[in-house]
Amino acid sequence: MSESLFDQASIRLADAIAHVNISEDAIERLKSPKASLQVSIPVRMDDGTLKVFQGYRVRYNDLRGPTKGGIRFHPNVNMDEVQSLAFWMTFKCAAVNLPFGGAKGGVAVDPKQLSKFELERLSRGYIDAIADFMGADVDIPAPDVQTNQTIMGWMVDEYSNIQRRLCPAAITGKPLAMGGSVGRETATGLGAFFVIETLLPLLNKQREQTTVAIQGFGNVGAAIADLLSKAGYKVVAVSDSKGGIYTPQGLDVPSIISYKNSTRSFQAVYCQDSVCNLVEHTKITNEELLKLDVDILIPAALENQIKELNAHQIRAKYIFEIANGPVTPAADRILEQQGIMVFPDILVNAGGVTVSYFEWVQNRSGFYWTIEEINDRLKQSMVAETLRIWKIAEQKQISMRTAAYVHALTRLSEAIEAKGTRAYYAQ
Ligand SMILES: NC(=O)C1=CN([C@@H]2O[C@H](COP(=O)(O)OP(=O)(O)OC[C@H]3O[C@@H](n4cnc5c(N)ncnc54)[C@H](OP(=O)(O)O)[C@@H]3O)[C@@H](O)[C@H]2O)C=CC1
Ligand SMILES: O=C(O)CCC(=O)C(=O)O
């Protein structure tokens, strides 16, 4: 039988346990989710027919605070994926010391096939179905793959309607006009940028001599491409779900972003006239992008992109995981043997949930921060936690991934021990 995504996620926990002094009780508590919900969401389509979509929400662990994590709209969403993503959120929030546990949600749907009204009805229907499972002190959703500010706006409005009061802190990643935070849309990319910038000198690299390939050109892929190219890194390849482009001289990232935004077509990163005229480039597939000889490879799309099958073909020196779970445990071992360092998702992409935390704090206090305050606090946190994890990796002579899990596990274990087991047993 093939390994599930959750089996793979659990291997990371097992790897870290060997390096932490943690009780058997705590380990047992972390092996399974607190609660999982599967819902059917009936949606009236524009043509009058009724379609029922499957939705999911998993609250993995709330020992450090209310559970937190995004909502994904994608045809491949299923319980195994959502549970794994909720597991990763638990460790991510602990790794960067947020007072949150981990959760994730999703709907099995291709949102590109829905009209705007259908999408709104589905988004509201999802919240209606999970309303008893969430709340500002219970579980706080946010955007993830193929969801965005607009969708979070519909969702928080629906939740507030159900509760008969305004509940801005129940969902983050909202539009500014509904209590959203400045800086949330770019926070995941900016957080990853701070991680890369912190590590670059430790890796003896300089920006101008550092080539980068990025898989995925959505919210976070486009943001990190923009930040890195503006800072002087050479972004040589980008891609979306249909393929990508490559040029060894470096791509003109702002032009690609503006073309893509204006056409709303992912063809934008292909050889369309306005892009081709700016720089000569080669069309490549996503598989080819992963195998490019670059300094930094950034998977910023979906999980399971680098696996046993293609790991030995990776030529990048460093992999910074912005996507959740893009490298499998089997691939990790091959990459390590090849001397390729992997900087893990639970650290690299934690900027998004960090600014979501800032949004939640602002909603609860009713006092709103400036972009400078948001970005300064984000930087402080990302730099400090990156250096702590680097130190653990050096001291224990372990990979950055295992070090990040050790760091998170230590904090989770403290919370578990502080609370006691509260186990229901007869003696
Ligand atoms: N949004 C956030 O704040 C956070 C996101 N993440 C993670 O980052 C990753 C990307 O999320 P986000 O940018 O928000 O999602 P988006 O939906 O905004 O973008 C996803 C991008 O990935 C592309 N893509 C989809 N499938 C493939 C594929 N098979 N090969 C290559 N590219 C593909 C999409 O292409 P196309 O445009 O053609 O659809 C799109 O460009 C996910 O793993 C997510 O969990 C992590 C932390 C926070
Ligand atoms: O902003 C959030 O709360 C969650 C972001 C998220 O889903 C993630 O980090 O994977």
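Quick notes on this structure:
- Flag for residue 368 being more than 16 Å from ligand 1 (Cβ to nearest atom), touching a residue at least 12 places away in the same chain (Cβ under 8 Å) and not in a helix (DSSP H, G or I): yes
- Among residues of segment 170-219, those that are buried (at least 19 other Cβ atoms within 10 Å of the Cβ), among the hydrophobic types (A, V, I, L, M, F, W, C) and farther than 16 Å from residue 382 by Cα, counted: 7
- The single condition from (1) in contact (Cβ under 8 Å) with a residue 40 or more places away in the chain; (2) over 23 Å from residue 342 (Cα atoms); (3) not polar (S, T, N, Q) that residue 253 fails is (1).
- Residue in segment 110-125 that is open to solvent by less than 10 Å² (accessible area, probe 1.4 Å) and away from ligand 2 (no atom under 15 Å from the Cβ) present: yes
- Close pairs (7 angstrom Cβ cut-off, 6 or more residues apart or separate chains): more than 17 Å from residue 301 (Cβ to Cβ) and part of a strand (DSSP E or B) in segment 221-240, within 16 Å of ligand 1 (Cβ to nearest atom) and open to solvent by 10 Å² or more (accessible area, probe 1.4 Å) anywhere: 236/246; 236/251
- Looking across segment 33-67, the residues that are among the hydrophobic types (A, V, I, L, M, F, W, C) and at pLDDT 95 or above come down to 35, 37, 39, 41, 43, 45, 50, 52, 53, 58.
- Residue 216 fulfils the conditions (1) on the phi < 0 side of the Ramachandran plot; (2) in contact (Cβ under 8 Å) with a residue 40 or more places away in the chain except for a single criterion, (1).
- Scanning segment 1-58 for residues that are in the same structural domain as residue 110 (by TED's automatic domain parsing), of a type in the set (Val, Ile, Thr) and surrounded by 19 or more Cβ atoms within 10 Å (Cβ to Cβ) yields 41, 43, 58.
- Taken over segment 338-374, the criterion of being surrounded by 20 or more Cβ atoms within 10 Å (Cβ to Cβ) and polar (S, T, N, Q) is satisfied by 349, 354, 356, 362, 363.
- Among the numbered conditions (1) small (Gly, Ala, Ser); (2) away from ligand 2 (no atom under 13 Å from the Cβ); (3) open to solvent by less than 30 Å² (accessible area, probe 1.4 Å), the only one that residue 70 does not meet is (2).
- Pairs where the first residue, in segment 131-148, is closer than 13 Å to residue 159 by Cα and the second is assigned to a strand (DSSP E or B) and open to solvent by 40 Å² or more (accessible area, probe 1.4 Å), C-beta under 7 Å, 6+ apart: 133/37
- The helices (runs of 4 or more DSSP H) found entirely in segment 99-214 that carry 2 or more residues being over 30 Å from residue 245 (Cβ atoms) and modelled with pLDDT of 95 or more are 116-130, 149-163.
- Options 361, 348; residue that is of a type outside the set (Asp, Glu) and in contact with a strand residue (DSSP E or B) (Cβ under 8 Å, 6 or more places away or on another chain): 348
- Filtering segment 73-108 to residues that are open to solvent by 10 Å² or more (accessible area, probe 1.4 Å), over 16 Å from the mean Cα position of the chain (by Cα) and farther than 24 Å from residue 407 by Cα leaves 75, 76, 78, 79, 80, 108.
The values are calculated or read from the model by the stated rules, or taken from the named source; none is laboratory data. Keep in mind the model is a prediction, meaning the values are calculated, not measured. A quick note on method: Cβ atoms are made from the backbone with ideal geometry, for glycine too, and the neighbour counts reach across all protein chains shown. Ligands, DNA and RNA are stripped out before the accessible areas are found, and what is left, the full protein with its side chains, is counted by its heavy atoms. Shrake-Rupley method; radii C 1.70, N 1.55, O 1.52, S 1.80 Å.
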